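The values are calculated or read from the model by the stated rules, or taken from the named source; none is laboratory data. Not measured: the values here are computed from a predicted model. FYI the Cβ positions are ideal-geometry reconstructions off the backbone, even for glycines, and counts take in every protein chain you see.
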Amino acid sequence: MYKALAPYAIHVRVNNLQESIEAARIGGFQGVEFGPNEIADLIDQRGVEAVKQIFSSAGVRPAGWGLPVEWRTSEETWRQGLEKLPRQAKAAAAIGGTRCYTWVMPCSNERDLEENRRFHIERFRPIAQILAENGCSLGLEFIGPKTLRESQKYPFIYKMEDMLAMGREIGPNTGVLLDCWHWYTSHGTLDAIRALRPEQVVYVHVNDAPAGISVDAQIDNMRSLPGETGVIDITGFLQALQAIGYDGPITPEPFKDELKDLPSDEDRLRLVGQAMDKIFRQAGITPA
């Protein structure tokens, strides 16, 4: 496992790959998320080896990439995204970035549970197939907070086991994006993580929850830095991942507004980087 950076998640602004990599270096992260379109364009301009050198010369790995297909809206928009995905997936895989992910709302105002399940399987199957053809995996993030999943008319998947079950119907390269916030708010257990195979975990997010708020009253965008409050058992979470052999990125996603009050991006990066160092140290894990 190693520490990876998603700049947007800690209110750091970057305009391109080079700035993302430099941000990761400042914060002491070993990996960074990237945009597959930019990677594809850079490969067209410079070649695969030159793009890989951008990462390796900085000592930073390509951690993963958000699914660029807009699958939630119209069929036309979805199909347009599917047409572009082979180029994006091929480029990402060429530099070793084979982990792709997206999030799934735990509720809907339009579709009941079964209809929504069919909708997601239909939309994700072609995506997973394209990713598989290019050696990539698809991680689906389940969203846990009760306050969010009860905000719309129909409930949907909000637990890891149910997301994995749907993933099995989508494709063999489909697993979960496991966020400790959503694991905690969905009343997940360490035993459930220990029962996983490493390939079922495509990507990982870490954060913490504000103290003094019950688990079912937590609000999705009101989080804390990893290890800040101790409400979430991040040590047990990381150790369970290590126990199953997960060797991928661990990415902070605190969405903490107070980070905006710091004087600079460098301050944000160093503060979050220190929080990541702390949770790895407490778990007895050396990033590798």
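Name the residue that is surrounded by the fewest Cβ atoms within 10 Å (Cβ to Cβ), counting only residues in the range 1-54 that are aromatic (Phe, Trp, Tyr) and either under 24 Å from Asp247 (Cβ atoms) or in contact with a Gly (Cβ under 8 Å, 6 or more places away or on another chain) (or both). Steps first, answer last, please.
First, pick out the residues of the range 1-54 that are aromatic (Phe, Trp, Tyr): 2, 8, 29, 34.
Next, from what is left, pick out any that are either under 24 Å from Asp247 (Cβ atoms) or in contact with a Gly (Cβ under 8 Å, 6 or more places away or on another chain) (or both): 2, 29, 34.
Numbers: Tyr2: 19, Phe29: 29, Phe34: 26.
Out of the qualifying residues, it is Tyr2.
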Checklist entry - Which numbered condition trips up Gly212, out of (1) part of a helix (DSSP H, G or I); (2) over 19 Å from the mean Cα position of the chain (by Cα)? => result (1)
Item to check | Test result for Arg13, in contact (Cβ under 8 Å) with a residue 24 or more places away in the chain and basic (Lys, Arg) | outcome: yes
Checklist outcome for this item: Given the conditions (1) surrounded by 15 or more Cβ atoms within 10 Å (Cβ to Cβ); (2) part of a helix (DSSP H, G or I), every one holds for Ile250 apart from (2)
Item to check | Subset of the range 162-207 that is charged (D, E, K, R) and under 17 Å from the mean Cα position of the chain (by Cα) - its residue that is surrounded by the most Cβ atoms within 10 Å (Cβ to Cβ) | outcome: Asp179
Next on the checklist: Residues that are modelled with pLDDT of 95 or more and farther than 27 Å from Asp257 by Cα, at least 2 per element: which helices (runs of 4 or more DSSP H) completely within the range 6-71 meet that?
Outcome noted: 36-46, 48-58
Item to check | Cβ pairs under 6 Å, 6+ apart, first in the range 27-51 and within 27 Å of Pro287 (Cα to Cα), second polar (S, T, N, Q) and surrounded by 15 or more Cβ atoms within 10 Å (Cβ to Cβ) | outcome: Val32/Ser20; Pro36/Gln88
Item to check | Test for Ile170: is it under 30 Å from Ala91 (Cβ atoms), modelled with pLDDT of 95 or more and in contact with a Leu (Cβ under 6 Å, 6 or more places away or on another chain) | outcome: no
